[in-house]
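Working notes, structure below.
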Amino acid sequence: MVKDLFERIQDNKGPLGKWASQAEGYFVFPKLEGKLGPRMNFQGKEVLNWSINDYLGLATHPEVLKADAEAAAEFGAAYPMGARMMSGHTDWHEQLEKELAAFVNKEAAYLLNFGYQGMVSTIDALVTKNDVIVYDVDSHACIIDGVRLHMGKRFTYKHNDIESFEKNLQRATKMAEEQNGGILVITEGVFGMRGQQGKLKEIVALKEKYNFRLLVDDAHGFGTLGKTGAGAGEEQGIQDGIDVYFSTFAKSMASIGAFIAADQDIIDYLKYNLRSQMFAKSLPMILVKGALKRLDLLRSNPGLKDKLWENVDRLQGGLKERGFNIGDTNTCVTPVYLEGSVPEAMIMVNDLRENYGIFLSIVVYPVIPKGIILLRVIPTASHTFEDIDVTLSSFEAIRAKLVDGTYKKVADANLVDMDAK
Ligand SMILES: Cc1ncc(COP(=O)(O)O)c(C=O)c1O
């Protein structure tokens, strides 16, 4: 007998979905309203917001808003229609690509409608079944899903562990030799949950010993790291060693869209082989013109990145001084690790929002190991020192309640532990 396909779905909503009845609208799918920035409204109350990746504060920059409005008035949402290859190509797309390539020090760039799909297609286009992929086990879902399309062999290495990387590179080398294929290594410039930079310098150094090409997802590094803001490769002095550089516009650029940058011949190949772009409508002009303005501001206002880092230093320094564990972040992404159950985390975040007016995202099992609560704090250039100081003292207060069992008591009385069911 064939089962109804939906039977499983009705019975099992998945590791996160099982919490929906207790979490939706508050912990997941919350509605943040008002002008984007450090002060937004949540359920009718103003909160201090630490959960958006508008690192440089460009989302509400007056020149950005003006450029977006002018492009919308001139072009509407539709222009250009069709895929780039067919009828969706313009001088402005080319201009943006030229400027992005120059900014990240590569010969050429190509626009992607979304980072996620773009990365999936980039991986898909770069390898054939004879090639071997080696990638960091903690990679973003867009990398994992791109690798899932690969018909050949793949190896993961332990997160940011160069010994494990080299061991897997050796296995990949043997396999690639047997199959007459090549090797694609994929990692991130910045790991967005824990805030560590990918060990790009060490990986690139191994190019001396092994033959591979390197693809880097620098979603969180672009605009925040490096002298000019060109990202983790610039920060680590090895931008040339990155063969295909990728970033999204969804963070520092405060928009939608993404791009890849590489040598001209690689971009020429990808233009004709990236299925996410060949079979999808071109990035609309509002986003293209908007990205040109954002890039212009990002390049011409280094003060925005400086302010971001002043905030990062005060926040991370303050957390360390107060004995908080922030792991080994060396970027703006600021994780605060606490110990507790998922129900305790829910009560704690409720307290943080309702009584301290602080809104941030929590990450719990199954995204991270059981028993760990990760408060993910994303500082931006728009936050003030006062915002940081208020947040630091609030964190001290909630940590005390977590440790003395207050949250456990409230959780036991009010929440059903879905894990125990
Ligand atoms: C590391 C990383 N890569 C890729 C993406 C996907 O980019 P997009 O939002 O443009 O699809 C994200 C999230 O935005 C990300 O954090």
Inset, instruction - For region 251-267, state whether one or more residues are part of a helix (DSSP H, G or I) and surrounded by fewer than 16 Cβ atoms within 10 Å (Cβ to Cβ). - result: yes
Legend entry - In region 193-240, residue surrounded by the most Cβ atoms within 10 Å (Cβ to Cβ) [restricted to those that are assigned to a loop (DSSP other than H, G, I, E, B) and of a type in the set (Lys, Arg)]: Arg194
Inset, instruction - Look at Asp124 and say whether it is surrounded by fewer than 21 Cβ atoms within 10 Å (Cβ to Cβ), within 16 Å of the ligand (Cβ to nearest atom) and assigned to a helix (DSSP H, G or I). - result: yes
Legend entry - One residue from Phe279, Phe359, Phe324 being modelled with pLDDT of 95 or more, among the aromatic types (Phe, Trp, Tyr) and outside the structural domain of Ser393 (by the TED database): Phe279
Inset, instruction - For region 127-138, enumerate the residues that are under 22 Å from the mean Cα position of the chain (by Cα) and either modelled with pLDDT under 95 or surrounded by fewer than 21 Cβ atoms within 10 Å (Cβ to Cβ) (or both). - result: Val137, Asp138
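Picking from Tyr135, Tyr116, Tyr55, which residue would you name as being touching a strand residue (DSSP E or B) at 6+ places or on another chain (Cβ under 7 Å) and within 16 Å of the ligand (Cβ to nearest atom)?
Tyr135
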Legend entry - Long-range neighbours under 7 Å by Cβ, at least six apart or interchain, first residue of a type in the set (A, V, I, L, M, F, W, C) and near the ligand (Cβ under 8 Å from one of its atoms) within region 176-193, second assigned to a strand (DSSP E or B) and at pLDDT 95 or above: Val190/Gln197
Inset, instruction - Go through region 360-377 and count every residue that is in contact (Cβ under 8 Å) with a residue 60 or more places away in the chain and surrounded by 23 or more Cβ atoms within 10 Å (Cβ to Cβ). - result: 1
Inset, instruction - Could you check, for region 78-86, whether at least one of its residues is away from the ligand (no atom under 16 Å from the Cβ), touching a Gly at 6+ places or on another chain (Cβ under 6 Å), within 16 Å of Ala250 (Cα to Cα) and not small (Gly, Ala, Ser)? - result: no
Legend entry - Those residues of region 290-304 which are among the charged types (D, E, K, R) and more than 23 Å from the chain's Cα centre (by Cα), in sequence order: none
Inset, instruction - Would you confirm whether any residue within region 356-363 is over 19 Å from Tyr26 (Cβ atoms) and not small (Gly, Ala, Ser)? - result: no
Legend entry - Residue list for region 138-148, filter: within 10 Å of the ligand (Cβ to nearest atom) and under 15 Å from Ile260 (Cα atoms): Cys142, Ile143
Inset, instruction - Quick one: count up the residues across region 275-286 that are buried (at least 23 other Cβ atoms within 10 Å of the Cβ) and within 14 Å of the ligand (Cβ to nearest atom). - result: 2
Inset, instruction - Taking the options Met175, Met151, Met119, name whichever one is of a type in the set (A, V, I, L, M), part of a loop (DSSP other than H, G, I, E, B) and either closer than 30 Å to Pro284 by Cβ or assigned by the TED database to the domain that holds His89 (or both). - result: Met151
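The values are calculated or read from the model by the stated rules, or taken from the named source; none is laboratory data. Just so you know, these numbers come straight off a predicted model, no measurement behind them. Note: ideal-geometry Cβ built from the backbone for every residue, glycine included; neighbour counts use all protein chains shown.
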